[in-house]
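The values are calculated or read from the model by the stated rules, or taken from the named source; none is laboratory data. This one's a predicted model, so the numbers in the text were calculated from it and none came from an experiment. Neighbour counts run over all protein chains shown; Cβ positions are idealised from the backbone, glycine included.
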Amino acid sequence: MSNAAAITVRPVASSAEKKAFVELAYRLNLSDPNWVPELKDEVRGLITPGKNPWFEHAVAEFFLAWREGRSEPVGRISAQVDELVLIHMGEGLGQWGMFEAEDEAVAHALFAAAEGWLRGRGMTRAMGPFSLGIWDQPGLLIKGFDHPPMVMMGHNKAEYEAWVESAGYHGVKDLFTYDLPVDIPFPPLVNRIVANGEKNERIRIRDVDKSRFDEEAQLILSILNEAWSENWGFIPLTDAEIAYAGKKLKPIVLEDMIKIAEYDGEPVAFMMALPDINEFLMDLKGELYPFGFIKLLWRLKKMRPRGGRVPLMGVLKKLHATRLASQLAFMMIEYIRRAGNGHYGITRAEVGWVLDDNGPMISIAEAIESRNNRTYRIYEKAL
């Protein structure tokens, strides 16, 4: 910590500093073979009011750390106050995220700046990381550094766990992902559950209809908002955020890898799987131009990833803790497994994230003989 006095942290105040905020993550992480460089245009959009509708109910400050004698920044962090977080997770709860630092001294200076900003807005607790909300990339990776994350999941340096904890934070929630092979059938018990469901004329499992994409997205996310409303950390998506997410996801949505379950004609559950386009991004280093755009378009058109991820599923609350809920889940994931492997050559899937207290989902993950491959932790500290 002897270098702390030589570190200055200040808010991003110019377009050049905003560019430096984005670029810093690439400079610090490109040497890690398991770090996936996001498209820089996507990151810029994430942190720009007017582009990301998250800013319609939240405010954020972005900080850069500078060390005396260095021309480039040595760390970054966001601090944010979200009105929906205050409503759904409690008054006085501020958050931070987008954290990157060269060393522990820089980390502590960044946390101090973020915490000071949050205190100045009346916050009494700091929780993170969230980049920027729980629907983006929540949690700090604490297990699973030996392989790249799948689509829409984060990856960070292993040292960050100790630096966060040494700054006085304690873990409040773990998020799990589960890895499983999908080029082999699920266990016999799961297959029997699926077969029994197929005999039930009241159940219909259908693909999404991409020609009615906006309508289908509204349906899926309405089920999600209802199904997840009592989960820890749940923040409902606004109509603008649903439209924004739909626009971003549409190019990678595969109709037969997103399922809607109907019971007596009523949509009651859904499961979404996405191809792991992180595989298509690794060599682009975040840049679409001049040639990255052409490469990405070709890869999306060809669509032969090795992996796929199930980031979201939901069952209406009236079916929670029923046999039907688990049966629908097993049916949807089996149909997605068949489509992913049979149509696109996907051999490995990842389910998650899953909250550490979500017993039913953990039971499903165990029943299909998946294994916990990555754990992300959310931390909190009193201010």
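Working only within region 154-172, note down all residues that are surrounded by 22 or more Cβ atoms within 10 Å (Cβ to Cβ) and either in contact with a Ser or Thr (Cβ under 7 Å, 6 or more places away or on another chain) or under 14 Å from N29 (Cα atoms) (or both).
Listed by number, the list holds a single entry, N156.
Considering only residues that are of a type in the set (D, E, K, R) and without any contact (Cβ under 8 Å) to a residue 60 or more places away in the chain, look in region 48-107 and name the one that is farthest from R377 (Cα to Cα). Spell out how you get there, then give the answer.
Pass one, region 48-107, residues of a type in the set (D, E, K, R): 51, 56, 61, 67-68, 70, 72, 76, 82-83, 91, 100, 102-104.
Among the residues that remain, those that are also without any contact (Cβ under 8 Å) to a residue 60 or more places away in the chain are: 51, 61, 70, 72, 76, 83, 91.
Numbers: K51: 28, E61: 23, R70: 32, E72: 29, R76: 19, E83: 23, E91: 22 Å.
Filtering first and then ranking leaves R70.
Which of the residues belonging to region 75-100 are surrounded by fewer than 24 Cβ atoms within 10 Å (Cβ to Cβ) and more than 20 Å from the chain's Cα centre (by Cα)?
E83, L86, I87, G90, E91, G92, L93
State whether one or more residues within region 143-151 are over 27 Å from T238 (Cα atoms), basic (K, R) and outside any helix (DSSP H, G or I).
Within region 143-151 (the criterion being over 27 Å from T238 (Cα atoms), basic (K, R) and outside any helix (DSSP H, G or I)), the answer is yes, since at least one residue qualifies.
Out of S211, S222, report the one residue that is under 26 Å from V354 (Cα atoms), at pLDDT below 95 and assigned to a helix (DSSP H, G or I).
S222
Quick one: which of R299, R371 is without any contact (Cβ under 8 Å) to a residue 40 or more places away in the chain and either under 25 Å from N34 (Cβ atoms) or touching a Ser or Thr at 6+ places or on another chain (Cβ under 8 Å) (or both)?
R299 is the lone residue from the list that is without any contact (Cβ under 8 Å) to a residue 40 or more places away in the chain and either under 25 Å from N34 (Cβ atoms) or touching a Ser or Thr at 6+ places or on another chain (Cβ under 8 Å) (or both).
Considering only residues that are at pLDDT 90 or above and of a type in the set (A, V, I, L, M, F, W, C), which ones fall in region 244-285?
Matches in region 244-285: M257, I258, I260, A261, V268, A269, F270, M271, M272, A273, L274.
Could you tell me whether region 310-330 includes any residue that is in contact (Cβ under 8 Å) with a residue 40 or more places away in the chain and in contact with a Lys or Arg (Cβ under 7 Å, 6 or more places away or on another chain)?
No - not one qualifying residue is present in region 310-330.
For region 257-273, what are the residues that are surrounded by fewer than 21 Cβ atoms within 10 Å (Cβ to Cβ) and either in contact with a Gly (Cβ under 9 Å, 6 or more places away or on another chain) or at positive phi (or both)?
Hits for region 257-273 are D264, G265.
Can you confirm whether E201 is assigned by TED's automatic domain parsing to the domain that holds A339, closer than 29 Å to D357 by Cβ, in a loop (DSSP other than H, G, I, E, B) and among the acidic types (D, E)?
no
Given (1) within 16 Å of F270 (Cβ to Cβ); (2) within 21 Å of the chain's Cα centre (by Cα), where does L328 come up short, assuming only one miss?
(2)
Yes/no per residue for (1) aromatic (F, W, Y); (2) surrounded by fewer than 22 Cβ atoms within 10 Å (Cβ to Cβ); (3) not in a strand (DSSP E or B):
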| position | (1), (2), (3) |
| --- | --- |
| L312 | no, yes, no |
| K318 | no, yes, yes |
| M331 | no, no, yes |
| Y335 | yes, yes, yes |
| R338 | no, yes, yes |
| A349 | no, no, no |
| V354 | no, yes, no |
| P360 | no, yes, yes |
| E369 | no, yes, yes |
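Being of a type in the set (A, V, I, L, M) and farther than 19 Å from V310 by Cα narrows it down to one residue among I252, I235, I258; which is it?
None of the others qualify; the one that does is I235.
Would you point out the residue of region 239-288, among those that are within 17 Å of the chain's Cα centre (by Cα) and part of a loop (DSSP other than H, G, I, E, B), that is farthest from L180 (Cα to Cα)?
My answer is V253.
Among the candidates E104, E72, single out the residue that is over 30 Å from T238 (Cβ atoms) and at pLDDT 95 or above.
Details: E72 fails: at pLDDT 95 or above.
Only one candidate passes the filter, namely E104.
Restricting to helices (runs of 4 or more DSSP H) lying wholly in region 1-108: which have 1 or more residues that are of a type in the set (F, W, Y), in the same structural domain as R121 (by TED's automatic domain parsing) and within 21 Å of E287 (Cα to Cα)?
Ranges flagged: 15-29.
Does A365 qualify as being closer than 24 Å to G154 by Cβ, part of a helix (DSSP H, G or I) and touching a strand residue (DSSP E or B) at 6+ places or on another chain (Cβ under 8 Å)?
yes
Looking at K301, K295, K285, can you tell me which residue is of a type outside the set (S, T, N, Q), surrounded by fewer than 19 Cβ atoms within 10 Å (Cβ to Cβ) and on the phi > 0 side of the Ramachandran plot?
Numbers: K301 fails: on the phi > 0 side of the Ramachandran plot; K295 fails: on the phi > 0 side of the Ramachandran plot.
The match here is K285.
If Y244 passes every condition in (1) farther than 29 Å from E366 by Cβ; (2) loosely packed, with under 12 Cβ neighbours inside 10 Å but one, which one does it miss?
The number of the failed condition is (2).
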